[in-house]
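Heads up: the structure comes next, in structure tokens.
The values are calculated or read from the model by the stated rules, or taken from the named source; none is laboratory data. These numbers were taken from a predicted model, which means no experiment stands behind them. Using ideal geometry, Cβ is built from the backbone for each residue, glycine included, and neighbour counts are taken over all protein chains shown.
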Amino acid sequence: MRYQYSSQGFKKNFNGNRPLLPAGVKLLLIINVAVFILMGAGGRGLSEFQTMLYEIFSLSFFHSNEYRFWQIGTYLFVHADWLHIMFNMLALWLFGKDLELDWGKYDFLTLYFICGIGSGIITMFINTSPTIGASGAIYGILVAYGMLYPNRILLLYGIFPFKVKYIVLGFGLIAFLATLSSAPSSTSHITHLSGMIIGIIYILFNFKFKTIKLWYVKKRIQAIQNKVGGIKNDNASIKKQVDKILDKVNNEGWESLTINEEEFLTNASKRLFDDHSPN
């Protein structure tokens with residue numbers, strides 16, 4: 001499947017305002033490609049060493065003799081062939097870069113590995129054959145993208161415009177129906193589905209936490225205003241910027257804030273509170 005952006009975010013990436021390859025996405029791309037090359041680049045006639053790597057890094061069935069505890073993490077970096085890694089890395093870049101730019105490297109990588117490792121834990125109790133690939137993490141990234149930017153437009157095959165939320169629903173439905181199907185398949189649909197479910201849970205929990213955080217920040221600012229009858233002139237500019245950010249949250253939701261705006265809001269509330277606390 002070919003994807004193409006048709007959104008303001010995409011245009012910003014190409015006019016220099018936002019980097020095309022943020023650090024977290026770049027790191028994952030480098031590791032995946034390096035491991036792929038080390039393990040023979042999906043070719044045939046693998047050496048004994050490369051065959052051994054596949055056996056110890058692929059995710060084996062939990063009750064099999066081949067299972068090792070580290071496989072719930074290492075399987076994410078093992079791919080079958082060029083087509084497999086190409087589509088996963090394309091999706092990682094396409095959907096992951098905006099998440100990282102808006103969330104920050106740490107939060108983005110946290111989502112990636114929670115979805116990847118979490119889906120691996122579920123898969124190892126169900127799939128009796130070895131599982132490889134970053135798809136569990138990628139599907140988590142996909143569903144997060146759909147929840148955060150539901151109305152962005154993607155052009156499928158460069159022709160057909162669809163809102164992201166409908167594309168995500170389509171992938172989710174396919175993964176769900178394929179998981180229920182008894183037809184044999186080389187694709188681990190349960191990994192895809194569980195990655196999406198874990199991604200949804202993570203996003204919902206994250207939103208709830210940020211809502212509580214926003215409530216706390218608002219309460220602190222309100223307490224200051226009630227106590228001193230308003231903000232002094234030396235903090236007027238901070239108060240103005242805080243009001244602007246809070247208005248953005250009210251109109252567009254917390255998820256619309258950049259990482260810098262979140263940090264400014266938290267730091268400003270602490271500064272205003274400290275400035276007006278009794279000695």
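When each of ASN235, ASN267, ASN260, ASN206 is tested for being in a helix (DSSP H, G or I), surrounded by 15 or more Cβ atoms within 10 Å (Cβ to Cβ), at pLDDT 75 or above and not small (Gly, Ala, Ser), the lone residue that passes is ASN206.
Taken over the stretch 65-81, residues that are free of Cβ contacts under 8 Å to residues at least 60 places away in the same chain and closer than 19 Å to VAL25 by Cα amount to 6. Candidates are the residues of the stretch 167-194 that are loosely packed, with under 13 Cβ neighbours inside 10 Å and of a type outside the set (S, T, N, Q); the one that is farthest from PRO130 (Cα to Cα) is GLY170. Quick check on the stretch 99-130: of everything there that is under 10 Å from the mean Cα position of the chain (by Cα) and hydroxyl-bearing (Ser, Thr, Tyr), which residue is farthest from ASN65 (Cα to Cα)? For the stretch 99-130, the residue satisfying everything is THR110.
So is LEU20 surrounded by 14 or more Cβ atoms within 10 Å (Cβ to Cβ), assigned by TED's automatic domain parsing to the domain that holds TYR145 and either hydrophobic (A, V, I, L, M, F, W, C) or at pLDDT 90 or above (or both) or not? No; evaluated as a whole, the condition is false for this residue. When GLY172 is tested against the conditions (1) within 20 Å of MET86 (Cβ to Cβ); (2) out of contact with any Phe, Trp or Tyr (no Cβ under 7 Å at 6 or more places or on another chain), the lone failure is (1). On the given criteria, is LEU180 in contact (Cβ under 8 Å) with a residue 24 or more places away in the chain and among the aliphatic types (A, V, I, L, M)? Spelling it out, it is not the case that LEU180 is in contact (Cβ under 8 Å) with a residue 24 or more places away in the chain and among the aliphatic types (A, V, I, L, M).
Listed here are the helices (runs of 4 or more DSSP H) enclosed by the stretch 16-121 that have at least 1 residues being in contact with a strand residue (DSSP E or B) (Cβ under 9 Å, 6 or more places away or on another chain): 71-74, 82-103.
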